[in-house]
Structures are given as C-alpha cells and as structure tokens.
Amino acid sequence: MAAMTVRSTVAFDPATAARLERFAKRWGVSKSGALRRSLAEAEKNNPPTSSEAPDFSAMTPLQILDWLAGNPQVPGGWGDDCRRELAEMREQDAQIEEQRARDRGKVAEPSPPYST
C-alpha cells in the first residue's frame, strides 16, 4: 500500500537546487526522498529542546512520558492530559477486570456497609 503524501511546492536558489539534485543522485533516491532523508537527519541531530514540544501524536503514551521525564523544564501542565487519560484507562481496565472476576465467581460482591 502506498504511503499518503502531501504535495508541496518549494523555491530554492540555484545552488541549493543543485545540491539537492546531487544528494538525490548520490543516494539513489528521488529529490523528495533526499529532502525527507535530510530532514530526518537534521531532526535526529537536533532534538527538540525542552521549550519545543515534539509531535506527541506520533508517540505512544510511554514515549511521551519518557520525553517528559527527560525534559523537566517543560511548562507546567504539560502531560496532564496524557496522565489523566492513562488514569481513566487504568480505572476502566480495573473495572472490567473486577467484573470479569465477579462473572467467574472469584470475587464476592461487595457487602453493604455495616450498620451500627
């Protein structure tokens, strides 16, 4: 299945256009491929600073939390939505597991509170 593409038009000065063409030929890829490869290398060699948010939509919750742990200088509130979502998911999972256990007869229904 072909990857989705976004068509863009860019304008280069002649020297940059020639450089892009040279890299594309050297690497045996299209000019788009050379540009993608160059951008990937640039991002790898210049990771976001703590004041720049990475693309959280492309990360798993654990990757997000790892990034947050490694960048403690982030503005207050960053990660709160993720933490809240994970807590809700854990609560839902716990409720599902409790219901399954009750359905299997392994856990008795909670008894009503004692009256005094």
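The values are calculated or read from the model by the stated rules, or taken from the named source; none is laboratory data. All values derive from a computational prediction rather than experimental measurement. We place every Cβ from the backbone using ideal geometry, glycine too, and count neighbours over all the protein chains shown.
Annotations
- Residues (of a type in the set (Gly, Ala, Ser) and in a helix (DSSP H, G or I)) located in region 2-42: Ala15, Ala17, Ala18, Ala24, Ser32, Gly33, Ala34, Ser38, Ala40, Ala42
- Taken as a whole, the condition of being at pLDDT 90 or above and either surrounded by 14 or more Cβ atoms within 10 Å (Cβ to Cβ) or within 19 Å of the chain's Cα centre (by Cα) (or both) applies to Ala34.
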